[in-house]
Structures are given as C-alpha cells and as structure tokens.
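Undergrad: This structure is in structure tokens; I'll ask about it shortly.
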Amino acid sequence: VYMIYVKFQKTFDSENDSFRLEFLLVPVSGLSFLENHSSTPLEILWTFSIYLESVAILPQLFMISKTGEAETITTHYLFFLGLYRALYIANWVWRYHTENFYDQIAIVSGVVQTIFYCDFFYLYVTK
C-alpha cells in the first residue's frame, strides 16, 4: 500500500482507476463472517483472504475493459496469474484423489476466481 500511494503515486491513473473497492471489501467481509469453518479470528481472517483473492482481479479487469488497453507487462503478469490458478485447480484434483481431502471454501472461491480469469483470457486474446 505504501508503494502504491507514496513511492509510485505518480503512476496512479485516477481517471481510469475508478473502481470502488468497497464493492469488494464489504461483501467479502460480510461473507467471511457468515461462511467460514469456525468463528475464531484467525479463521475469519483466512476466509476473508480466500474470498478477497477470488475477486481481487476485478479492479484490473474493470480498468482494462474501460481503457481497452493495458501494458504488455501487466497482461503477461495477469496471464501467468491465471495459469497459476489453473494449476491450483489441478492440485485440488490431485489432493482429492490422493488424500481424499477438499476444502469447500477454497474450491468455490477458486472457481469464482477462475471464471474471472476466463474473462481476462478473452480480453487478452482479443486485444
């Protein structure tokens, strides 16, 4: 946060970066209190981080779709984040078959995140 708002403040594009973060933070906060494994503070914080990670790409997708362009390094970075998510899904399948373990919160959040990355992959290929 320091790097974004202090050190690299001049690179911040306030005209195009107009996504309202409260549209992500408020629902994710509420959901992490309502749907978690146990009501301990660490479990709620873990659940919050999992839910937030699943929608964290939305501001970037919003900006790319609004401007119609992105820097090459940004698009490659997002592409490899999506590839990481695809490999993560393969890990879930492997763990389920070898350990008979699955975490419903992580799987649902990962599927939501993968759907958003599919939208990015569409923008990546077409633009």
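Undergrad: Evaluate the distance, in nm, between pseudo-label points positioned 7 Å from the Cα of Leu81 and of Met3 along their respective Cα→Cβ axes.
TA: A separation of 1.3 nm, rounded to one decimal place.
Undergrad: Using the alpha-carbon centroid of each, what span in Å lies between the stretch 26-56 and the stretch 1-24?
TA: If we compute the Cα centre of each part, the gap is 23 Å.
Undergrad: Also: Return the equivalent ellipsoid semi-axes of the chain as a descending list in whole Å, where each equals the square root of 5 times an eigenvalue of the C-alpha gyration tensor.
TA: The answer is 28, 21, 12 Å, longest axis first.
Undergrad: With a length cut of 27 Å (Cα positions projected on each helix's long axis) and a Kyte-Doolittle mean of at least 0.5, go through the chain and give me the DSSP H helices that pass.
TA: What comes out of the filter, once short or polar helices are dropped, is 104-126.
Values quoted throughout were computed directly from the atomic coordinates according to the rules given, and no laboratory measurement underlies them. The shown structure was predicted, so the numbers you read here are calculated from the model rather than taken from an experiment. Note: ideal-geometry Cβ built from the backbone for every residue, glycine included; neighbour counts use all protein chains shown.
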